[in-house]
Amino acid sequence: MSADPLYAAQRLQEIVDLDLLSSEVDPILQDVAARAAAHLSLPVSLISVVLDEALHVAASHGLDGLWLGETGGHPVEWSFCATSVRTREAFVVESAVNDPYHSTNPLVVQDGVRCYAGVPLISSRGFVLGNLCVVGLQERQFTEMEIDALRELAASAVQRIEARRVRSVEPTERS
């Protein structure tokens with residue numbers, strides 16, 4: 001049995017190397033989050049960074065006035081996004097209150113999350129950094145075309161994230 005990818009030291013180092021917990025990440029990803037929410041007609045979208053103990057919100061749309069908007073993250077045990085870190089695949093929950101794993105999740109019970117669709121953010125080095133996801137307050141089905149649109153937006157987010165690495169590495173490489 002292989003180790004849980006959530007705790008892989010190389011994956012966590014990739015997050016550090018990309019400086020994904022920096023406040024500078026939010027502005028470059030904000031419009032990607034907004035486009036995801038708009039495209040799927042859902043109120044909330046997140047670009048998450050999944051750590052070993054917590055989920056960090058790198059950028060978001062629609063969190064104003066919500067608990068998650070104030071905290072900027074939550075324990076990894078509550079994270080829908082952690083599933084994609086483990087599987088490297090899209091993860092969809094059309095009815096969170098009927099989902100055997102998430103029905104007792106505080107995000108469902110207290111915050112009213114009813115549906116979720118997320119796709120992994122995979123770096124060019126092959127590490128899953130987190131997710132681009134959309135969240136709704138009503139149950140909902142998702143089409144494969146919608147998931148494909150999320151994948152395209154996630155690829156755009158990763159390109160923007162990695163462009164920061166290139167800019168920050170170039171001067172030291174030329175020295």
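Ranked highest first by the average count of other Cβ atoms within 10 Å around their residues, in what order do 144-150, 97-103, 15-21, 127-133 fall?
Answer by packing, highest mean first, reads 127-133, 15-21, 144-150, 97-103.
Average projected area of the Cα convex hull of the stretch 1-100, in nm²?
7.5 nm²
Non-local amide H neighbours of Gly130 (under 5 Å, H modeled in plane, Pro and chain starts lacking H): which ones?
Under 5 Å from the amide H of Gly130 lie the amide H atoms of Val50, Leu121, each far enough along the sequence or on another chain.
Using a Gaussian network model of the chain whose springs link C-alpha atoms within less than 10 Å, name the residue from Pro106, Pro120, Pro43 with the highest mean-square fluctuation.
Pro106
Using a 10 angstrom Cβ neighbour count of at most 14 plus a DSSP loop assignment to flag exposed trypsin sites (Lys or Arg not before Pro), which longest range of the chain is free of such sites?
With a cap of 14 other Cβ atoms within 10 Å, the longest stretch comes to 1-87.
Applying the Karplus parametrisation 6.51 cos²θ - 1.76 cosθ + 1.60 with θ = phi - 60° to the phi angles of the stretch 76-91, what ³J(HN,Hα) value in whole Hz is obtained for each residue in order, glycine and proline being reported as x?
4, 4, 8, 6, 5, 5, 4, 4, 5, 5, 6, 9, 6, 10, 4, 10
On the principal axes of its Cα set, how long, how wide and how thick is the chain? Give whole Å, largest value first.
Rounded to whole Å, the extents work out to 56, 39, 32 Å.
Amide H neighbours of Ala59 under 5 Å, counting only residues 5+ apart in sequence or on other chains, H built in-plane at 1.01 Å?
Amide H to amide H, under 5 Å and 5 or more residues apart or across chains, Ala59 pairs with Ile47.
Using the number of other C-beta atoms within 10 angstrom as an exposure proxy, rank Ser79, Ser124 with the fewest first.
Ordered from fewest to most neighbouring Cβ atoms within 10 Å, Ser79, Ser124 come out as Ser124, Ser79.
No value in this document is a laboratory result; all are computed from the given coordinates. Just so we're clear, the structure is a prediction, and the values are computed from it rather than from any experiment. Positions of Cβ are generated from backbone atoms using ideal geometry, with glycine treated the same way; all protein chains shown enter the neighbour counts.
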